[in-house]
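Structure, as structure tokens:
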Amino acid sequence: MRILTAGESHGTYMAAILEGFPKGVKIEKEFIDCELKRRMSGLGRGKRMSIEIDKVEIVSGLRNKVTLGSPITILVKNKDAKIFSQKKDNLTSLSIPRPAHADLAGALKYQENDLRNILERASARETVSRVSIGAICKQFLLNFNIKITSFTISVGDIISQMKPKNILEIISKVKNSKLNCIDREAEKLIVREVEKAQRIGDSLGGVVEVWAEGSPPGLGSFMHFDKRLDSQLAAYLMSIPAVKGVEIGLGFEYARKRGSASHDAIYYTTKKNLSACQQGFYRKTNNSGGIEGGISTGEPIVLRIAMKPIATLGKPLDSVNLTTKQREKAPVIRSDTCAIVACGVIAESMAAICLTEAFLDKFGGDALEEIKTNYKNYIKAI
Ligand code: EPS
């Protein structure tokens, strides 16, 4: 698959093209819109989220809701559009870079004095395109009973200790949560923390856990470094704006344990009424996060990402004016206080894209029916 995203935060549209996606997959536009709505949700989002109503237009690649195998083009209109390629726009110029944003590094790289020309594309609004493509991939994966979800583990220094057993538990517990938490007690404290940050003009980051359940064993490969599923997932998750760390399974905690107390012992079941990925070999623990030797094991794939606090602050840090080289405070512009819920949705989307690519690598096929046949034969063989 090949994916291209395009669009500036205040341009007319956010866009994406998905090429190499199989023919014959039913795609519900409503599902993509729900995912876009989830991306906009959560306590701590800024005013932009009350302006936009993100909804996708699919302008190629589908006929009667079913993919044709041709490139799929998606568009999402920006209601707060201010850049018009044909006429003068009304966006203000900016010359003081915000620490932690792409502003300074981008301005130096592109030899630019107006930071607008940097931040418009560097803005996390670009993830509208990724979530749209991720929602298409999620619908493909559902044909093989692969489900992906996420929940918030921590915001600032408030950490939930609750460990879910499976994806169904996560889905039922995050329902009606303002912060995508499975732990109501931790959530109360997090709500207070976010509201306080909003009041004092500060910002927060956090940690999100993503689960992908139902993957068959055999996605990814140790045969070459760039084929490892863990390295591909890590790269995709690290590409999300503001993400500074990725863990798989026990992650850094694994390094602090003995092998005897942490590796996932292997068992075998002869039970028949189980889903494809639960039959045969199984584990009672999942410290590897469902990946060994760069290959999925069939256990849930468990990923964690660390998001740094939002760059724009209400009480800004020191910076330097690009033109005068004088010390000035960074600009106070519209932004989020905490975007941890959005980060979870974007991480699910990137995981869905990555797993779809790994799935197509393993099972090939131009059309869904062909992929299903390849998948069934493989499951039977193992
Ligand atoms: C975002 C849209 C942006 C920001 C946010 C994410 O809109 P605006 O810049 O018009 O307020 O709210 O982007 C950032 C926090 C950032 O640092 O780029 C969105 O749609 O997710």
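Here, each number is a calculation from the coordinates, and none is a lab measurement. Since we're looking at a predicted model, the values are computed, not measured. Virtual Cβ from ideal backbone geometry, glycine too; neighbours counted across all protein chains shown.
The label-point distance for residue 93 and residue 262, in a model that sets each label 7 Å from Cα toward Cβ, rounds to 5.4 nm.
Centre-to-centre, using Cα atoms only, the stretch 131-174 and the stretch 305-348 are separated by 26 Å. Need the list of aspartates and glutamates near residue 173 for cross-linking: C-alpha distance under 20 angstrom, and skip anything on the same chain fewer than eight residues off. Of all the aspartates and glutamates, those that pass the test against residue 173 - Cα under 20 Å, at least 8 places apart if same chain - are 35, 183, 185, 187, 209, 213, 348.
For the stretch 255-314, the set of trypsin sites (Lys or Arg not before Pro) satisfying both a DSSP loop assignment and a count of at most 12 other C-beta atoms within 10 Å is given as 257, 258, 271, 272, 284. Averaging 1/r over each pair of different alpha-carbon atoms in the chain and inverting the result gives 22.1 Å, the Kirkwood hydrodynamic radius. Highest mobility in the GNM of the chain, judged by mean-square fluctuation with C-alpha springs under 10 Å and restricted to 297, 323, 12, is found for 323. Near residue 221, the amide H atoms lying under 5 Å from its own belong to 228, 229; only residues 5 or more places off or on other chains count, and H is placed 1.01 Å from N.
Okay, which of the stretch 28-59 sit inside 15 Å, backbone N to the point 7 Å along the Cα-Cβ direction of residue 68? What the label zone holds, given the 15 Å backbone N cut-off, is 58-59. Near residue 95, once Lys and Arg are set to +1 and Asp and Glu to -1 for all other residues with Cβ below 14 Å from its Cβ, the sum equals +1. Modelled spin labels at residue 59 and residue 4, positioned 7 Å past Cα toward Cβ, are 1.3 nm from each other. On the basis of the beta-carbon distance and an R0 of 35 Å, residue 117 and residue 252 show a calculated FRET efficiency of 0.40. Mean sequence separation of contacting Cα pairs (under 8 Å, at least six apart), scaled by the length of the chain, corresponds to a relative contact order of 23 percent. Each listed q (0.15, 0.18, 0.19, 0.20 Å⁻¹) maps to a log10 I(q)/I(0) for the stretch 277-370 from the Debye sum over equal C-alpha point scatterers, namely -0.81, -0.97, -1.03, -1.09. Ranked by the mean number of other Cβ atoms within 10 Å of their residues, highest first, the peptides 230-240, 23-33 come out as 230-240, 23-33.
Computed from the C-beta positions of residue 285 and residue 372, the FRET efficiency with R₀ = 35 Å rounds to 0.65.
Of all lysines in the structure, the ones whose alpha carbon falls short of 17 Å from that of residue 227, not counting any fewer than 8 places away in one chain, are 362.
Cross-linked pairs 47/109; 109/325; 47/163; 175/244: Cα-Cα separations exceed 24 Å for 47/109; 47/163; 175/244. From a point 7 Å beyond the Cα of residue 192 in the direction of its Cβ, which residues of the stretch 300-334 have a backbone N at a distance under 18 Å? No residue passes the distance filter. Other residues within the sphere of radius under 12 Å centred on the Cβ of residue 139, judged by their own Cβ, net out at +2 (K and R +1, D and E -1).
Taking a straight Cα-Cα cut-off under 13 Å and skipping sequence neighbours fewer than 8 places away in the same chain, no aspartates and glutamates fall within cross-link reach of residue 196.
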